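S.K.: Have a look at this one before I ask anything.
The values are calculated or read from the model by the stated rules, or taken from the named source; none is laboratory data. Being a predicted model, the structure only gives us computed values, none of them experimental. Neighbour counts are summed over all protein chains in view; Cβ atoms, including those assigned to glycine, are modelled from backbone coordinates with ideal geometry. To get the accessible areas, we keep the full protein, side chains included, count just its heavy atoms, and leave off ligands, DNA and RNA. Shrake-Rupley method; radii C 1.70, N 1.55, O 1.52, S 1.80 Å.
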Amino acid sequence: MDGNRIRKIVIVGGGTAGWMTAAAFAKILGPRYADITLVESEEIGIVGVGEATIPQINIYNRMLGLDEDDFVRETQGSFKLGIEFVDWGKKNHTYFHPFGPFGVDMDGVSFHAYWLRMMHGGDPRLVTDYSLTSVAASQNRFMRPVNAGNSPLSRIAYAFHFDASLYARFLRRYSQARGVKRQEGKITKVHQRSEDGFIESVELESGQKIEGELFIDCSGFRGLLIEQTLKAGYEDWTHWLPCDRAVAVPCAHGDGEFTPYTRSTAREAGWQWRIPLQHRIGNGYVYSSQFISDDEAAAKLMANLDGEALADPRPLRFVTGRRKKAWVKNVVALGLASGFLEPLESTSIHLIQSGIARLLTLFPSRDFEPADIERYNFMIAREFAQVRDFIILHYHLTERDDTPLWEYCRSMDVPETLKEKYRIFESHGRIFRDNDELFNDTSWFAVMIGQGLVPRSYDPVVEAMDEATLRARMNELHSVIGNCADQMPGHADFIAMNCAAKAA
Ligand SMILES: Cc1cc2nc3c(=O)[nH]c(=O)nc-3n(C[C@H](O)[C@H](O)[C@H](O)COP(=O)(O)OP(=O)(O)OC[C@H]3O[C@@H](n4cnc5c(N)ncnc54)[C@H](O)[C@@H]3O)c2cc1C
């Protein structure tokens with residue numbers, strides 16, 4: 001086996017995907033296993049807008065062995081307990097998609113089934129009133145979970161907001177300290193083996209060639225190796241996810257709140273994100289070019305900022321969908337080179353992480369076993385499709401018909417896999433999670449209810465509990481959650497105490 005081991009890995013691209021891959025390989029494989037070189041071009045630059053994450057990033061951070069306070073400090077980061085959706089299901093309506101559970105499951109039945117029974121009985125409390133992360137978010141509070149037995153304080157789930165450019169630099173320092181070599185330069189030629197088309201080397205503008213046995217394509221939307229060279233093909237999902245452009249701008253904090261959550265506000269032709277960092281707020285308008293011009297979108301964004309804009313608005317273009325094959329021959333595409341679903345649920349960075357984990361599970365020898373490659377491609381395709389359905393849900397389940405975009409979205413046909421989720425939910429509010437799909441019951445429930453899909457009834461099994469007992473338990477849970485939230489410090493105070501960035 002030893003003679004067959006991959007000894008030279010070349011990572012093409014130094015954005016979030018490239019440096020996340022480099023850091024993971026440096027930690028898991030290390031320079032003794034293989035020579036790892038990352039090629040990036042400062043002239044081309046990075047997309048640099050991926051600034052919100054989901055809790056799974058904690059698994060990646062733990063794998064690297066990061067000190068979390070350092071990580072937040074170095075990336076001007078903040079904490080995220082979920083996403084607030086404004087005007088999505090209908091205008092003048094807000095709901096919260098929290099991380100972490102609703103209430104507690106009772107007698108083996110999901111908490112949300114009991115909540116539905118109460119709701120059908122006329123109880124006015126929202127399901128998010130039973131989520132500690134929702135309640136804490138509404139009060140701008142944050143703390144990490146503590147070891148407190150059954151208390152909701154031990155089940156706080158959270159993710160991060162961070163400055164994408166600082167994140168890439170942070171991971172670059174980590175990777176270089178562990179032996180990853182960085183090569184600056186623009187790749188202008190790609191050389192393939194004549195007998196089978198495997199990539200042999202990439203050539204820089206300077207004429208320097210960088211040889212490898214395994215190439216990771218993290219070159220962003222252009223897909224330098226996976227598409228431009230190996231023609232993997234692209235499955236276009238614009239008919240389901242019609243937003244194809246964004247304009248992004250950072251602004252000063254102004255008078256806005258320092259929220260421990262991302263805000264997503266639906267607009268006439270898409271939606272606007274608001275991501276609070278320590279030194280600024282990240283903002284962007286994601287829109288469909290079919291329904292609004294670039295100038296109008298930029299003007300809308302600039303008119304809806306918390307404080308003074310700190311740069312000119314930056315336009316971005318994309319096509320929602322995925323590469324038909326993420327792994328072809330000796331090239332594995334990660335990050336935007338493998339596809340993009342749009343940033344509504346902050347899933348891109350997670351998909352990078354999950355691609356890295358799957359690749360490490362199926363790490364090739366120089367034989368590049370076709371069965372392994374097929375399995376990898378199957379798993380990536382499935383995960384993209386599952387996340388796609390979850391994002392489509394936000395656009396499709398809406399009462400809005402006030403603009404052509406919303407009229408289009410509410411009447412579009414959706415994938416059969418999503419229709420099945422609706423059908424099962426509509427009767428008794430049940431949710432099935434297929435093959436470890438990324439979003440769990442809490443997420444599906446929060447968004448389906450939040451977007452306005454109320455099941456006709458509830459799981460009949462909850463009637464095994466008598467009503468008085470249920471009411472007493474729900475009241476107790478509600479007050480425990482309120483008390484727990486009261487014990488949490490403010491988000492700004494938590495950062496000041498633990499991980500404030502050094503003044504520039
Ligand atoms: C509008 C928008 C908002 C987003 N928001 C989020 C979010 O909130 N959360 C989230 O998880 N994700 C988000 N994403 C996605 C996230 O930005 C990306 O997943 C992440 O930045 C990874 O990008 P990348 O590294 O694949 O590509 P890039 O950042 O584009 O990096 C590509 C790299 O390849 C190099 N390169 C390319 N061609 C060559 C060449 N010829 N020679 C040498 N080097 C080359 C470039 O120099 C660069 O280093 C968002 C994306 C968009 C478009």
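S.K.: Check K8: other-chain or 5+ apart residues with amide H under 5 Å from its amide H, H built from backbone geometry?
M.R.: The list, which skips near neighbours in sequence, is D35, E213, L214.
S.K.: Sticking with this structure for a sec: Work out the charge dipole of the chain with +1 on the Cβ of Lys and Arg and -1 on the Cβ of Asp and Glu about the Cα centre, then indicate which of F432, H161, S134 is farthest towards its positive end.
M.R.: Towards the positive end, the residue furthest out is H161.
S.K.: Might you report the magnitude of the Cβ-based charge dipole of the chain about its Cα centre, with Lys and Arg at +1 and Asp and Glu at -1, to the nearest 20 debye? All intermediate terms of the calculation are to be shown ahead of the outcome.
M.R.: Numbers: 56 positive and 67 negative charges, 206 e Å.
Here the size comes out at about 1000 debye.
S.K.: In what sequence, largest accessible area first, do E437, E463, E184 appear using a 1.4 Å probe?
M.R.: On the way: E437 5, E463 110, E184 75 Å².
Ranked list, largest accessible area first: E463, E184, E437.
S.K.: From largest accessible area down, sort L116, L126, L66; use a 1.4 Å probe on the protein chains. Please report the intermediate quantities before stating the final value.
M.R.: On the way: L116 0, L126 100, L66 35 Å².
Reading off the accessible areas and sorting them downward yields L126, L66, L116.
S.K.: Skipping prolines and chain starts, which residues have an amide H placed within reach, meaning under 5 Å, of the one on T347, given they are 5 or more residues away or on another chain?
M.R.: Those lying under 5 Å, H to H, from T347: there are none.
S.K.: Give a residue-ordered list of calculated ³J(HN,Hα) values for the stretch 356-371 (Karplus: 6.51 cos²θ - 1.76 cosθ + 1.60, θ = phi - 60°; whole Hz; x for Gly, Pro).
M.R.: 4, 4, 5, 5, 5, 5, 10, 4, x, 9, 6, 7, 6, 4, x, 5
S.K.: Have a look at the DSSP beta bridges in the chain and tell me what percent are antiparallel, nearest 5. Don't jump to the answer; show the numbers that get you there.
M.R.: Details: 50 of 70 bridges.
Around 70 percent of the beta bridges assigned by DSSP in the chain are antiparallel ones.
S.K.: Among the trypsin sites (Lys or Arg not before Pro) in the stretch 13-82, which ones are in a DSSP loop with at most 10 other Cβ atoms within 10 Å of the Cβ? Mind listing them? Could you put the intermediate results ahead of the total?
M.R.: Values: sites: K27, R32, R62, R73, K80; in loops: R32.
Sites meeting the loop and neighbour criteria: R32.
S.K.: With θ set to phi - 60° and the Karplus curve 6.51 cos²θ - 1.76 cosθ + 1.60, what are the ³J(HN,Hα) couplings of the stretch 446-454 in order, to the nearest whole Hz, using x for Gly and Pro?
M.R.: 4, 7, 4, 5, x, 7, x, 8, 9
S.K.: Express in whole angstrom the spacing between the alpha-carbon centres of the stretch 40-71 and the stretch 462-504.
M.R.: Going from one Cα centre to the other spans 28 Å.
S.K.: Under the Karplus relation 6.51 cos²θ - 1.76 cosθ + 1.60, θ = phi - 60°, what is the ordered set of whole-Hz ³J(HN,Hα) values for the stretch 121-134, x standing for Gly and Pro?
M.R.: x, x, 5, x, 5, 7, 5, 6, 5, 9, 10, 4, 5, 5
S.K.: Quick one: which residues, 5+ away or cross-chain, put their amide H under 5 Å from the amide H of L38? H built at 1.01 Å from N.
M.R.: I11, K181, R182, Q183
S.K.: I've got another one for you. Ignoring ligands, DNA and RNA, what percent of the accessible area of the chain is carbon or sulfur (1.4 Å)?
M.R.: Answer for the chain is 48 percent, counting heavy atoms of protein chains only.
S.K.: Which of the residue pairs K186/K324; K27/K502; K80/K186; K324/K419 have a Cα-Cα distance greater than 30 Å in the structure shown? Provide the component values of the computation, followed by the final result.
M.R.: On the way: K186/K324 26 Å; K27/K502 27 Å; K80/K186 36 Å; K324/K419 23 Å.
From the list (K186/K324; K27/K502; K80/K186; K324/K419), the Cα-Cα distance tops 30 Å for K80/K186.
S.K.: So for the pair S138, V461, with labels modelled 7 Å out along Cα→Cβ, what separation do we get in nm?
M.R.: Each label point is offset 7 Å from its Cα along the Cβ direction, giving 2.9 nm.
S.K.: Same structure, new question: Using 0.36 nm times the number of residues separating T361 and V109, minus their current alpha carbon distance, what extension gain do you get? Don't jump to the answer; show the numbers that get you there.
M.R.: Working: separation 252, 0.36 × 252 = 90.72 nm, distance 3.38 nm.
Taking T361 through V109 to full extension adds about 87.3 nm, to one decimal.
S.K.: Still on this model: With a 1.4 Å probe and all protein chains in place, put E84, E51 in order of accessible area, largest first.
M.R.: On the way: E84 35, E51 15 Å².
Ranked from most to least accessible, the order is E84, E51.
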